[in-house]
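First comes the structure, then the notes that go with it.
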């Protein structure tokens with residue numbers, strides 16, 4: 001064993017006993033333990049003089065909650081700015097600054113205190129620039145004004161902080177300005193990315209998505225994004241087991257059926273014959289009730305319209321076809337008594353005679369017959385009171401929606417009461433009587449709910465199959481049991497996300513980028529406030545970082561240990 005004599009920076013001398021072949025690191029470890037008052041090795045080592053023993057420092061944060069440390073850290077940040085201004089004015093010495101930092105070490109060594117200190121700095125930089133200065137800054141900087149403002153705030157905050165003997169206030173000011181500019185760049189870049197992500201969806205698509213949610217239709221992630229990859233993933237996973245796709249698709253279809261059926265006064269998850277029959281009876285009852293109490297008066301507007309239709313038939317139709325049109329008008333005139341037609345007769349005339357004739361093959365003639373019926377309908381609305389007119393208007397709108405729904409159901413054999421979302425668009429485009437609400441549902445079905453990846457053999461599907469572990473094949477042939485199990489697990493996880501209305505709400509329409517943009521907005525204030533952390537003044541986990549003085553002290557111990565060993 002060898003004995004090493006160590007002279008510590010405080011002037012005390014110590015003897016360290018260590019094996020002859022001890023490394024310098026081992027000797028240094030013994031020396032540091034002895035100097036810091038740690039437990040001594042088993043070897044014979046004299047204790048430091050009693051006069052040099054230092055009591056353990058008290059921790060002022062002991063017993064404080066995280067919230068209390070956070071608010072204390074905020075207060076410290078504001079106080080530190082005041083200290084820095086005092087130091088700048090010559091009212092606070094470097095020794096006082098060093099003592100302040102030593103007292104703050106315990107608080108800043110906690111997570112709550114450090115985060116509070118950071119938040120306090122950010123709040124200080126939220127103070128607005130005075131109006132006149134802001135105006136001059138904006139006029140001079142133009143588009144660069146936000147960056148100039150961020151630089152000014154960062155520089156002012158960092159320049160107002162205290163500096164130690166080996167630190168530079170000018171350097172801190174420059175770093176604060178640079179961090180402010182960098183933070184503004186982060187915020188502006190995130191904002192542009194968010195705007196671009198949302199702008200990728202056409203306004204008509206964004207409107208259709210909003211209207212679908214207002215109608216209570218749950219949407220899937222692939223339906224609220226412009227990403228073709230996500231649309232392809234959604235289309236593929238819906239064909240895999242355990243993804244919940246069937247149940248999600250059923251819920252969406254039922255919600256769409258309810259939205260359609262509300263257009264004709266029902267609320268049905270499945271639009272079967274019983275639902276259609278009930279709607280017809282209810283709407284018909286409205287007409288029966290209103291016209292059992294009202295006559296249809298042929299006022300001047302109605303007579304003028306009928307006369308115009310008769311003249312058009314005489315000029316544009318062959319004699320026999322024109323005679324058919326004129327006969328309908330003559331019969332209407334003959335049925336009136338004292339300028340009015342009984343409501344029941346009006347209903348029978350329009351429903352049993354005019355409407356079947358509208359289905360004829362002669363387009364111009366049928367168009368004039370439709371004009372006759374429209375003239376009667378307008379006269380009927382003018383012949384009733386405001387309450388009855390409102391009830392008739394609603395009944396007619398519901399009847400048109402009912403007819404559109406029936407056409408959609410008749411397009412698909414065995415539709416089972418489901419209105420296919422994509423089937424409405426061609427119907428409403430061909431129908432002159434489609435209502436605005438039915439056109440909006442048709443748009444939702446066409447641009448939101450319709451599967452944009454209908455072919456199972458497309459290159460996009462092959463790519464997703466490979467990503468899911470199926471190689472280049474689009475079928476399950478030859479896939480091992482473990483591969484199938486992995487596919488089922490991966491497909492189930494992906495399917496739950498793709499078919500989740502919550503995921504669609506949180507991640508659709510560019511919202512991930514919008515969320516990142518909102519998080520990045522405080523960057524011009526947070527980065528300068530974090531300057532001390534970046535520069536290494538404070539470690540939020542382990543307390544104060546090693547200073548140059550600490551490193552110099554340790555180097556001195558090593559130097560002296562080497563010198564004593566050589567003696």
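Worth a mention:
- Just so you know, in the stretch 84-96 the residues that are touching a residue at least 60 places away in the same chain (Cβ under 8 Å) and surrounded by fewer than 21 Cβ atoms within 10 Å (Cβ to Cβ) include one that is farthest from residue 169 (Cα to Cα), and it is 92.
- Residues that are touching a residue at least 12 places away in the same chain (Cβ under 8 Å), within 19 Å of residue 400 (Cα to Cα) and out of contact with any helix residue (DSSP H, G or I) (no Cβ under 9 Å at 6 or more places or on another chain) number at least 1 in the following helices (runs of 4 or more DSSP H) confined to the stretch 264-347: 273-291.
Quick grid of which residues meet (1) over 30 Å from residue 90 (Cα atoms); (2) touching a helix residue (DSSP H, G or I) at 6+ places or on another chain (Cβ under 7 Å); (3) modelled with pLDDT under 80:
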position	(1), (2), (3)
167	no, no, yes
176	no, yes, yes
196	yes, no, yes
206	yes, no, no
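- Scanning the stretch 227-254 for residues that are assigned to a loop (DSSP other than H, G, I, E, B) and modelled with pLDDT of 70 or more yields one hit, 244.
- Test: residue in the stretch 399-411 that is touching a residue at least 12 places away in the same chain (Cβ under 8 Å), part of a loop (DSSP other than H, G, I, E, B), under 41 Å from the mean Cα position of the chain (by Cα) and in the same structural domain as residue 254 (by TED's automatic domain parsing): no
The values are calculated or read from the model by the stated rules, or taken from the named source; none is laboratory data. What you are looking at is a predicted structure, and each value in this text was computed from that prediction instead of being measured. When we count neighbours, we look across all protein chains shown, and the Cβ atoms used for this are built from the backbone with ideal geometry, even at glycine.
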